[in-house]
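The structure appears below as structure tokens.
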């Protein structure tokens, strides 16, 4: 993974005549991904970019970071950073990462930078778009940061990033919020369930569970939908049963975060917050369903104090089933 940092006095990005991001003094950060890059690569490079000391101190020496000077960062995706020009005159881009993977890692870098600098100090372009980028390079000063060789082991510890500022925003009947909730699902579900359930089942279930009608019906039944905001940006979606059953149990639904927030503590915060709300509604325990083959999620729930209590398989139509374990814990 690469970050090409250009120290700027100002920079902006325009798409179809609309300026979508702009900053004053700070960095224009071009972000490139390759096959084998990981979220840990994104975390390390974001921390390095935030702490790199290339801004002048009172004596004119490069001795201050973008954090120190209160600067901003404009992050723009740039797959051509991995152009291979060793043969011929036409660059090859076989080293560049798969677009779906690259987008998730780019968004991870952006989320990390917003946690480190503050959301208001990080602007972006739009992944995959035809962008016009303008900048005034200050110096000039251009520095490339590169992560370890893809897939190679590293002894450097994973940097500790601060937990984003998190909040829940109830979706309700707001059509714009409903659309944002579905957009999150459409990004979060494929990397969550690829190889676990049939590919055709993913859009089928999203259509059933995240339609405006489904969201309104769930809310009317006492199970409101929420957007998860991290540092003010859409980061996930969830819902919780606020009408506990006769045995005091309440179901936690649709706990999904975007891949860019995996491993950042957002899931643990969500479990605690939804459990708190369920308890306030009278619940004595909470439970959720997790696919039998979703080992990553099962480990996370066990670490949060949930226990596997039973198996359940539900026919959801069109030849598809939800083949799950039920995990539960007291609140």
Checklist entry - Using beta carbons and a limit of 7 Å, which pairs, at least six apart or on different chains, have the first residue in the stretch 158-186 and over 15 Å from residue 235 (Cα atoms) and the second one in a loop (DSSP other than H, G, I, E, B) and at pLDDT below 95? => result 161/264
Checklist entry - When you scan the stretch 198-232, how many residues do you find that are buried (at least 19 other Cβ atoms within 10 Å of the Cβ) and in a strand (DSSP E or B)? => result 5
Checklist entry - Looking at (1) within 14 Å of residue 271 (Cα to Cα); (2) surrounded by fewer than 19 Cβ atoms within 10 Å (Cβ to Cβ), can you tell me which one residue 306 breaks? => result (2)
Item to check | Residue in the stretch 259-290 that is nearest to residue 190 (Cα to Cα), counting only those that are touching a residue at least 60 places away in the same chain (Cβ under 8 Å) and in contact with a helix residue (DSSP H, G or I) (Cβ under 7 Å, 6 or more places away or on another chain) | outcome: 259
Next on the checklist: Return the residues of the stretch 87-109 that are surrounded by 15 or more Cβ atoms within 10 Å (Cβ to Cβ) and part of a helix (DSSP H, G or I); say none if nothing qualifies.
Outcome noted: 101, 102, 103, 104, 105, 106, 107, 108, 109
Checklist entry - Can you name the number of the only condition in (1) touching a strand residue (DSSP E or B) at 6+ places or on another chain (Cβ under 9 Å); (2) within 27 Å of residue 318 (Cα to Cα); (3) assigned to a helix (DSSP H, G or I) that residue 260 fails? => result (2)
Checklist entry - Can you tell me which of 37, 112, 41 is buried (at least 17 other Cβ atoms within 10 Å of the Cβ), part of a loop (DSSP other than H, G, I, E, B) and either at pLDDT below 90 or out of contact with any strand residue (DSSP E or B) (no Cβ under 7 Å at 6 or more places or on another chain) (or both)? => result 37
Item to check | Index of the failed condition, residue 78 passing every other in (1) modelled with pLDDT of 95 or more; (2) closer than 28 Å to residue 188 by Cα | outcome: (1)
Checklist outcome for this item: Picked from the stretch 17-34 (must be in contact (Cβ under 8 Å) with a residue 40 or more places away in the chain and not in a strand (DSSP E or B)), the residue surrounded by the fewest Cβ atoms within 10 Å (Cβ to Cβ) is 24
Next on the checklist: outside any loop (DSSP other than H, G, I, E, B) and modelled with pLDDT of 95 or more: is that true of residue 47 in this structure?
Outcome noted: no
Item to check | Residue, surrounded by the fewest Cβ atoms within 10 Å (Cβ to Cβ), within the stretch 129-164, restricted to residues that are at pLDDT 85 or above and outside any strand (DSSP E or B) | outcome: 130
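The values are calculated or read from the model by the stated rules, or taken from the named source; none is laboratory data. None of these values were measured; they are calculated from a predicted model. Here Cβ is always computed from backbone atoms with ideal geometry, including for glycine, and neighbour counts include all displayed protein chains.
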